[in-house]
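Colleague: Quick one: structure below, then a few questions.
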Amino acid sequence: MLLRVGQLSIPLLLCFLVPPSTSTVVDNYMNLGKNGGISCISCTVIVSLTEQLSVIHNETILHSLERLCNYFPDKYRQQCHIFADFFGNLLIDGFTAEDSPDTFCHKIGLCYTEQGKQECHIFPKPKPRTPRNVHVHSGFFKEVLTHEMKQTVNKIKQDPKICDLPGIKTICDWIDMIFDKHDPAIDLDDDRFSTYSTLRGSSWRGKDCDDSRKDFHPGSRPLDSDKNRDSNCNGIMGLDPASGQSYEDMYCKDSQARGVVVLGDSLSAHFHIPREWLNTTEMSAAAFEPLPFILENEFDWPEFSSVTGYLNNTYNNVIHGPMNSIYSYLWQRNRCNHRDYQNLSVNGARTGAMADTIQHSLFRNRTADNPVTLFYALIGNDVCNSHVDTFAHMTTTEEIRNNSMRTLEFLGKTLPAGSHVFLVGLVDGRVLYDSLKDRIHPIGSLRNDVTYTDFYNYFNCLEISPCLGWLNTNETIRNMTTKRAMELSSVLKDVAKTEASKYSNFKLDYMENPIFQAIEEFKKLGIQTWEALEPVDGFHSNQLGQALSAQVMWQNLETKYPDAIGPMNPFNDKIKAVFGNQGGY
Ligand code: CA
C-alpha cells in the first residue's frame, strides 16, 4: 500500500546496493531501527543473494558477488566492484557452511543484538548437510584481509554503518541527491514542468513543451488560441486551412478540458521493486538494466500508476501487468487533456507532511489554467510506523482533521474554478497479512525458506517496518490499526461534508478507498488477492492492483461525479486524424 521512505523504500533496495549515507535524507534512515537496522538488513540481503547465486551457478561466492555486480549497468558496476573487492574477501574468509546470511552479518558486526532485544533472523540456520559453495574455515578474518580491510572491519564493529563500506558510500551519496525532492530537478523556466523524464520530471507531471517559457506548460488555457505555437503542450495548435479557425478553438475550447492531480503516498506514486532483483532464480542483467531510471524515480512508477499512468508497459523485464489510469481515461474521453497530469506523491507521506511541504509542489494557475480533478490520497501512513509502541506514533483524529483542512485551505487558494477534490479514505491493511502470511517471499525462492511472516517479523525485529501495525503476527494489533485507520477515514468523510460549502473554486467529496471495491472485483475475476500485491515489499498493490483500482475509481466518477470527468469530446477522432499521437510524452 504505502511506505515510509526511510523504512522500506530505502531498506529493501538500499539493502543490497543503495543504503543510506552520510547526509540529510540517507543519514536519517541510517539511524532508524534497532539491532543494526538498515545496515543489518542490507548486509543480509547482499550475502543471501550472493550465496544463492553461488549455488545456482555452481561457482565460488566471490564469483557470485562479481556476477551480481556485472548485472548492474555501467554507472553502478564500478562502485559495486570496489565494494565486492572488499566484501568478497570478508565472505571468503568468514562465511562458513554453518552460517546463514544472518549469522555472517552478526559476525562482521553489521547486525547485533541490543540489550533487552531479541536476536533478529530471517533465514533458518542452515543444516550442516546443506550443500553450499563456501570455504570452510576454522578461523576468521585471518588469511586474506589486508591491514586496511581489518581496520574497516574494526570500524564497522564500533559504528556499524553499511554506507561506510568501500564502494557503497558513493551510491549512498547518489541516493541522497535524489530522494525527498518534490520539484523537477531539470526545469529551466521554473514552471515545475520538465522535458526530462525522471527526477520528478515528465514521469510525474506532463512533459513541458517549452522549457524556456513559464507560461507554456501542460494544463494552461491556450495563449492566443495556440494559433502559432502549442502553449499548453497538448499537441494541438495551428489553423484549420478550411475554416481559418484555430484548432484549439474548434476542438477544445468548449470541451471542458481538465487535468488530474494526486496528492499521495507511495501507493499513488506506485512504489515497485522488481521481484527479479531479489529472486535469484530469475535474476538477470536485463532486470537491472533500468536501474538508473528506477533509482531516479525513487523506486516509483507514476507513469503506470492508477491516477496518472500514461504509458503502455514497456518495462516487461521488471514490471508486469496492464496499465489503466484516471489520466488515460480522461485522455480517451477528451484528447485536449493530453499531458495534463501531476503526480505529487511521495513515499511515506502522511497528512502532516502533505500540508507542511509536499502540497506546495503543486502548480496550477487559478486564472490561466484549466480546472483539475484532484485526489487527496494519504491512505495509510498516518497509522503506519516502525515503533514498538506503534499506537503512540499514529496520527490522531484531531491531527488529521487539522492537516486535511490545511490542505483544503491551500487548494482553495490554488485551484482554478470548476475543479473537484476527492478526499480518499484509508485502506484496511489487514488484507496484506491475511493474503501473504504463508507465501514464500522472493528472497526465499531458491530454498522456499522465507515466508512473508518471516519477512515481516524480521522488519519488526529490526524496528524498520514500514507498518508494524498491519505487518504483524498479532491479530489484535492488526485489528486496532485498522480501527484507527477507519476512525481517520471517518474524519475525512466528515471534513468533506462540513467544508464543502466553504470553497467556491472546487467541489469537495469523500471517496471510499477504491481498494475495497477492487478486492471484490478480484473475486469476481477469479483473482486471488495476493496476485494484486507487490511481491517484494508485501505492502503495496502491484501493476494489476493499480489498474483495477483505476477502473473502480473511474466507474465511481462516471456514475456519481460526471462533472469531475467532463463530457466526451466529439472531436477526438478529428484530433487524432490531424495531430496523431499529439507529440507523445
Ligand atoms: Ca495546444
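The values are calculated or read from the model by the stated rules, or taken from the named source; none is laboratory data. No experiment lies behind these values; they were computed from the predicted model shown. Every residue, glycine as well, gets a Cβ built from its backbone with ideal geometry; the counts of neighbours run over all protein chains shown.
Colleague: For region 330-345: of the residues being part of a loop (DSSP other than H, G, I, E, B) and more than 22 Å from the chain's Cα centre (by Cα), which is surrounded by the most Cβ atoms within 10 Å (Cβ to Cβ)?
Modeller: Just the residues of region 330-345 that are part of a loop (DSSP other than H, G, I, E, B), to begin with: 334, 338-340, 344-345.
Remaining after also requiring more than 22 Å from the chain's Cα centre (by Cα): 334, 338.
Values: N334: 25, H338: 27.
Only one residue fits best here, namely H338.
Colleague: Looking at (1) crowded, with 20+ Cβ neighbours inside 10 Å; (2) at pLDDT 85 or above, can you tell me which one V55 breaks?
Modeller: Evaluating V55 over (1) crowded, with 20+ Cβ neighbours inside 10 Å; (2) at pLDDT 85 or above leaves (1) as the failure.
Colleague: Of all the residues that make up region 279-305, how many are surrounded by fewer than 18 Cβ atoms within 10 Å (Cβ to Cβ) and within 16 Å of R200 (Cα to Cα)?
Modeller: Looking only at that region, the number is 2.
Colleague: Residues in region 471-494 that are crowded, with 21+ Cβ neighbours inside 10 Å and among the β-branched types (V, I, T): how many?
Modeller: Matching residues across region 471-494 total 2.
Colleague: Could I ask something else about it? Exactly one of (1) out of contact with any Phe, Trp or Tyr (no Cβ under 9 Å at 6 or more places or on another chain); (2) at pLDDT 95 or above; (3) of a type in the set (D, E) is unmet by E521. Its number?
Modeller: Of everything listed in (1) out of contact with any Phe, Trp or Tyr (no Cβ under 9 Å at 6 or more places or on another chain); (2) at pLDDT 95 or above; (3) of a type in the set (D, E), E521 misses just condition (2).
Colleague: Shifting gears a bit: Scan (1) of a type in the set (G, A, S); (2) modelled with pLDDT of 95 or more; (3) under 26 Å from L548 (Cβ atoms) for the single condition G526 breaks and write down its number.
Modeller: That leaves (2) as the condition not met.
Colleague: Looking at I156, I178, I186, I168 in this structure, which one is in contact (Cβ under 8 Å) with a residue 12 or more places away in the chain and over 26 Å from the mean Cα position of the chain (by Cα)? So that I can check it myself, show each step before the final result.
Modeller: Values: I178 fails: over 26 Å from the mean Cα position of the chain (by Cα); I186 fails: over 26 Å from the mean Cα position of the chain (by Cα); I168 fails: over 26 Å from the mean Cα position of the chain (by Cα).
After applying the criteria, what remains is I156.
Colleague: Does at least one position in region 171-183 carry a residue that is crowded, with 18+ Cβ neighbours inside 10 Å and within 16 Å of the ligand (Cβ to nearest atom)?
Modeller: no
Colleague: Could you please let me know if L188 is in the same structural domain as Q342 (by TED's automatic domain parsing) and either out of contact with any helix residue (DSSP H, G or I) (no Cβ under 8 Å at 6 or more places or on another chain) or within 10 Å of the ligand (Cβ to nearest atom) (or both)?
Modeller: Details: in the same structural domain as Q342 (by TED's automatic domain parsing): no; either out of contact with any helix residue (DSSP H, G or I) (no Cβ under 8 Å at 6 or more places or on another chain) or within 10 Å of the ligand (Cβ to nearest atom) (or both): yes.
No.
Colleague: Scan the helices (runs of 4 or more DSSP H) fully inside region 488-585 and keep the ones with 2 or more residues being in contact (Cβ under 8 Å) with a residue 40 or more places away in the chain and in contact with an Asp or Glu (Cβ under 9 Å, 6 or more places away or on another chain). Can you show your working first?
Modeller: Numbers: elements: 514-525, 543-560, 572-579.
Helices (runs of 4 or more DSSP H) meeting the threshold: 514-525, 543-560.
Colleague: Can you tell me which residue in region 59-98 is farthest from K169 (Cα to Cα), limited to those that are among the acidic types (D, E) and at pLDDT 90 or above? Before the answer, list the steps.
Modeller: Keep residues of region 59-98 that are among the acidic types (D, E), which gives 59, 66, 74, 85, 93, 98.
Filter once more, so that each one left must be at pLDDT 90 or above: 59, 66.
Numbers: E59: 28, E66: 18 Å.
Per the stated criteria, the residue is E59.
Colleague: While we're here: Would you check if there is a residue in region 400-414 being assigned to a loop (DSSP other than H, G, I, E, B), assigned by TED's automatic domain parsing to the domain that holds K523 and surrounded by fewer than 24 Cβ atoms within 10 Å (Cβ to Cβ)? Explain how you work it out, then say what you get.
Modeller: Going residue by residue through region 400-414, those that are assigned to a loop (DSSP other than H, G, I, E, B) are none.
Within region 400-414, not a single residue is assigned to a loop (DSSP other than H, G, I, E, B), assigned by TED's automatic domain parsing to the domain that holds K523 and surrounded by fewer than 24 Cβ atoms within 10 Å (Cβ to Cβ).
Colleague: Given the conditions (1) of a type outside the set (D, E, K, R); (2) in contact with a strand residue (DSSP E or B) (Cβ under 8 Å, 6 or more places away or on another chain); (3) assigned to a helix (DSSP H, G or I); (4) buried (at least 17 other Cβ atoms within 10 Å of the Cβ), report the number of the one that N457 does not fulfil.
Modeller: The failed condition is (2).
Colleague: Please find, among L199, L223, the residue that is among the hydrophobic types (A, V, I, L, M, F, W, C) and modelled with pLDDT of 95 or more. Don't jump to the end; show me each part of the working.
Modeller: Values: L199 fails: modelled with pLDDT of 95 or more.
Just one listed residue meets the conditions, L223.
Colleague: Additional query: Residues of region 365-394 being buried (at least 22 other Cβ atoms within 10 Å of the Cβ), within 24 Å of the chain's Cα centre (by Cα) and either part of a loop (DSSP other than H, G, I, E, B) or among the small types (G, A, S) (or both), which ones?
Modeller: Residues satisfying the conditions are A377, L378, I379, G380, C384, N385, S386, M394.
Colleague: May I ask you to say which residue of D211, D230 is surrounded by fewer than 24 Cβ atoms within 10 Å (Cβ to Cβ) and either in the same structural domain as N312 (by TED's automatic domain parsing) or more than 21 Å from A185 (Cβ to Cβ) (or both)?
Modeller: Numbers: D211 fails: either in the same structural domain as N312 (by TED's automatic domain parsing) or more than 21 Å from A185 (Cβ to Cβ) (or both).
Result of the check over D211, D230: D230.
Colleague: Somewhere in region 192-205, is a residue of a type outside the set (V, I, T), in contact with a Ser or Thr (Cβ under 9 Å, 6 or more places away or on another chain) and within 16 Å of the ligand (Cβ to nearest atom)?
Modeller: Filtering region 192-205 down to residues of a type outside the set (V, I, T) leaves 192-194, 196-197, 199-205.
Right, trim to in contact with a Ser or Thr (Cβ under 9 Å, 6 or more places away or on another chain) and you get 192-194, 196-197, 200-205.
Next, only the ones that are within 16 Å of the ligand (Cβ to nearest atom) stay: 193.
Yes, region 192-205 contains a residue that is of a type outside the set (V, I, T), in contact with a Ser or Thr (Cβ under 9 Å, 6 or more places away or on another chain) and within 16 Å of the ligand (Cβ to nearest atom).
Colleague: Right, something else. From the list N385, N381, N370, N334, which residue is touching a residue at least 60 places away in the same chain (Cβ under 8 Å), touching a strand residue (DSSP E or B) at 6+ places or on another chain (Cβ under 8 Å) and of a type in the set (S, T, N, Q)? I'd like the intermediate steps shown before the answer.
Modeller: Details: N385 fails: touching a strand residue (DSSP E or B) at 6+ places or on another chain (Cβ under 8 Å); N381 fails: touching a strand residue (DSSP E or B) at 6+ places or on another chain (Cβ under 8 Å); N334 fails: touching a strand residue (DSSP E or B) at 6+ places or on another chain (Cβ under 8 Å).
Exactly one residue qualifies, and that residue is N370.
Colleague: So if I check each of G348, G429, G352, which one is at positive phi and within 20 Å of the chain's Cα centre (by Cα)?
Modeller: G348 is the lone residue from the list that is at positive phi and within 20 Å of the chain's Cα centre (by Cα).
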